[in-house]
1. With farther than 30 Å from Ser38 by Cα and modelled with pLDDT of 95 or more as the only criterion, which of His111, His127 stands out?
2. Could you tell me how many of the residues in segment 126-152 are under 17 Å from the mean Cα position of the chain (by Cα) and of a type in the set (S, T, N, Q)?
3. Kindly state which helices (runs of 4 or more DSSP H) lie completely within segment 81-179 and contain at least 1 residues that are within 30 Å of Ala44 (Cα to Cα), in contact (Cβ under 8 Å) with a residue 12 or more places away in the chain and open to solvent by 70 Å² or more (accessible area, probe 1.4 Å).
4. Please go through segment 35-45 and give me each residue that is over 14 Å from Gly74 (Cα atoms) and of a type in the set (Gly, Ala, Ser), ordered by number.
5. Considering (1) crowded, with 19+ Cβ neighbours inside 10 Å; (2) among the small types (Gly, Ala, Ser); (3) assigned to a loop (DSSP other than H, G, I, E, B), say which one Gly49 fails and leave the rest.
Amino acid sequence: MLRLLRRALTVAAVATVTTLLADAPAPAQAATAVDETSVAEALAQAQQGRHAEAVALLRPAAEAGLASAQYHLGLAYARGEGAEQDYAQAARWLTAAAAQGHAHAQFIAGHMYARGEGVPRDFAQAHLWFTLATENGWWKARESREKLFDQGMTPADVARAGRLHREFKQARGAAAPAN
């Protein structure tokens, strides 16, 4: 009887360990957690006024493709905090985060294209980023998108923005609304 009980407990323990291992994060997920930790550390450094240290922590995570790091690095370049102010670098990192679905980065990228800050002025691109930010719940992006017409957006820009939106959605496997 005791032998059967030990055997049953051993089988249960092996099954539990197997389940725990199956639920463990994959190596890529573990790397993301480390990168998110570096972003949190970077934000703590920035709050203490150590912006150069924050940028040094953000850069490797941004280069590895982490959207939150790209977003914060883009803001650092836009503000000139921890790095020389450089709108082209700000646009580079913010659009990289925006392309991954970061709603606030999409909103800022829309403004950068609308104003021509760090990128050529392009109303169709601005419309694209404002539309995506709106779809992601950034409510002010809809208002900014509507103001593009007051700034000189043409019907040709609108048509191109629609094509850009469809292409963006198709590239990511999501359906874009038909016009």
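The values are calculated or read from the model by the stated rules, or taken from the named source; none is laboratory data. Note that the structure is predicted; figures quoted are calculated from it, not measured. So basically every Cβ, Gly included, is an ideal-geometry build from the backbone, and we count neighbours across all protein chains shown. Ligands, DNA and RNA are excluded from the accessible area calculation, which covers all protein heavy atoms including side chains. Shrake-Rupley method; radii C 1.70, N 1.55, O 1.52, S 1.80 Å.
1. On the way: His111 fails: farther than 30 Å from Ser38 by Cα.
Among His111, His127, only His127 is farther than 30 Å from Ser38 by Cα and modelled with pLDDT of 95 or more.
2. Counting residues in segment 126-152 that are under 17 Å from the mean Cα position of the chain (by Cα) and of a type in the set (S, T, N, Q) gives 3.
3. Details: elements: 87-99, 103-115, 123-135, 140-147, 155-171.
Because the criterion is at least 1 residues that are within 30 Å of Ala44 (Cα to Cα), in contact (Cβ under 8 Å) with a residue 12 or more places away in the chain and open to solvent by 70 Å² or more (accessible area, probe 1.4 Å), the helices (runs of 4 or more DSSP H) in segment 81-179 that meet it are 87-99, 140-147.
4. To start, the set of residues in segment 35-45 that are over 14 Å from Gly74 (Cα atoms) comprises 35-38, 40-41, 44-45.
Ser38, Ala40, Ala44, listed by residue number.
5. Among (1) crowded, with 19+ Cβ neighbours inside 10 Å; (2) among the small types (Gly, Ala, Ser); (3) assigned to a loop (DSSP other than H, G, I, E, B), Gly49 violates only (1).
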